[in-house]
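These notes concern the structure reproduced below.
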Amino acid sequence: MTTPYTTGTVSVTAGSTTVTGNGTGWLTGGIVPYILGVDGLSAPVATVVSDTELTLAVGWPGPSASGKSYWLTYDTSIGQQSIENTVTLAEYLARLDKPTLAALAALTPAANKLPYFGTNAVGALADFPASARSLLGLTGAANKLPYMNGANGYSLVDFPALARSLLALGGAANKLPYQDAANTYATTDLTARARELLASADTSTMKGVLGLSGAIQVVKFRLITASGTYVPDANLVYAVIEAVGGGGGGGAGVSNSSDLTIGAGGGASEYSIAVKSKADLSPSQPVTIGAGGLAGANGGNTSLGSLVVAIGGNGGGAATGAGSTGPGAFGGTGGVGDLRVPGQSGTGGNTVVGSGGAVTRVNSGSGGSGRFGSGGRHNVGSVGQAGQGYGSGGGPGGVFQSTATVNGGPGAPGLVFITEYCTA
């Protein structure tokens, strides 16, 4: 080590790193100092600024001094390295002098805990559970995504291009993502109507959004063949009501010991149809089903309240005397409905008798046919055939060279057929 440098005097303020000289020549003299001593105290020198100014590595540890004698040790590589080490150590010590490190140092370590800073940089410990340790313990891999595979464990699963495309979409108001190619997603408009539809809590609300409230969704049928009460469906909007009464009974062939005698067919019922709303039909309507006429009697009328009425067919007339026939019966007419079609009339038989009582031609009679089927045909020697379709007339009875009387067949009973147009 060389002789200390002591030329001139120095002044320094307590805690300051700046030293000023008077009568000194630090820079001109090529001084490379590393320790400054004043009044028995010393501090490492960081740099020589000028002939009259030094910068200390640390603040002056003693009281302020002015115009004081001093000494500088300098000029050895070992000494310079010591200065540099001292400066570096001082910097590290300054870094350690932080409240955050002090807060961490005050914590008591515990198993499965992780330090963190709370309010005002106060250190605290938080749980560091197995699941978190499992997640941090995963080894990263391309195109993989961590997922929880159990209560406390994580694994990696494929994170394909399609999923990455979906997550990469830029969010925008009123847009909906959709797949537009094999591995990509795009967005499309999500209109106010679509959002309202998706927000619908039930089917009824959904129908309202779509403008389908009250729209026909279901068509139901009611076939009523017995008198009673009709209660419309709870979801009915309107109904189409069709009705026929009972068909007229066929006429009888009366005793004739020498020739052929055939009665007339019964007439078919009127067909009546009407369209009625739920309000027209609510809460219920009485239903009367007309019976088919027997042995030449008229058929009964069918009705749904006073809204729809179908008049039954007339009964066929009896035939008496050699080679005679009864008059054909008229079909029913005069009921109530939006459209009314009169029933077909029954027809009478016609007989031509040759010499000696031989029958040379017979035009047979039959019951009138209706909306729902044909009338009955005639029979000779047995009761005429019954009406075959709802509301059709019965066929006539006939005798040939017999003293018996053979009645015509019964008319078919009526019906009410209702087509209900409902919202559900």
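The values are calculated or read from the model by the stated rules, or taken from the named source; none is laboratory data. In this text the structure is predicted, and so the values were computed from the model without any measurement. Because the Cβ atoms are built from the backbone with ideal geometry, glycine has one as well, and the counts that use them run over all protein chains shown.
Scanning the stretch 1-29 for residues that are of a type in the set (A, V, I, L, M, F, W, C) and either assigned to a strand (DSSP E or B) or not assigned by TED's automatic domain parsing to the domain that holds T47 (or both) returns M1, V10, V12, V19.
If only residues of the stretch 146-161 that are of a type in the set (A, V, I, L, M) and surrounded by fewer than 14 Cβ atoms within 10 Å (Cβ to Cβ) are counted, the one that is farthest from the chain's Cα centre (by Cα) is A151. Can G346 be described as crowded, with 21+ Cβ neighbours inside 10 Å and of a type outside the set (A, V, I, L, M, F, W, C)? Answer is yes for this residue. Hey, could you check the stretch 167-190 for residues that are in a loop (DSSP other than H, G, I, E, B) and surrounded by 13 or more Cβ atoms within 10 Å (Cβ to Cβ) and say which is modelled with the lowest pLDDT? Across the stretch 167-190, the extreme among qualifying residues is L169. With respect to the conditions (1) in a loop (DSSP other than H, G, I, E, B); (2) surrounded by fewer than 24 Cβ atoms within 10 Å (Cβ to Cβ), S257 falls short on a single one, namely (1). If only residues of the stretch 260-301 that are closer than 24 Å to L236 by Cα and in a loop (DSSP other than H, G, I, E, B) are counted, the one that is modelled with the lowest pLDDT is S282. Pairing each residue of the stretch 43-65 that is not assigned by TED's automatic domain parsing to the domain that holds I31 with any residue that is among the hydrophobic types (A, V, I, L, M, F, W, C), provided the two are 6+ apart or on different chains, yields no C-beta distance under 6 Å.
Among strands (runs of 3 or more DSSP E) entirely within the stretch 306-424, having at least 3 residues that are within 60 Å of the chain's Cα centre (by Cα) and at pLDDT 90 or above singles out 308-310, 339-341, 415-422. Looking at G211, G171, just one residue is under 30 Å from L135 (Cβ atoms) and either without any contact (Cβ under 8 Å) to a residue 40 or more places away in the chain or touching a Leu at 6+ places or on another chain (Cβ under 6 Å) (or both), and that residue is G171. With the checklist (1) at pLDDT 85 or above; (2) surrounded by fewer than 17 Cβ atoms within 10 Å (Cβ to Cβ); (3) not assigned by TED's automatic domain parsing to the domain that holds Q285 in hand, flag the one item V240 doesn't pass. So V240 meets the others, but not (3). Screening M206 on (1) part of a helix (DSSP H, G or I); (2) surrounded by fewer than 15 Cβ atoms within 10 Å (Cβ to Cβ); (3) among the hydrophobic types (A, V, I, L, M, F, W, C) shows it passes everything except condition (2).
Each residue in the stretch 49-92 was checked for being at pLDDT 90 or above and surrounded by fewer than 19 Cβ atoms within 10 Å (Cβ to Cβ), and 17 pass. Every residue in the stretch 202-233 that is over 22 Å from P342 (Cα atoms) and modelled with pLDDT of 95 or more, please. Once the filter is applied, which keeps residues that are over 22 Å from P342 (Cα atoms) and modelled with pLDDT of 95 or more, the stretch 202-233 yields V219, K220, F221, R222, A226, S227, G228, T229, Y230, V231, P232, D233.
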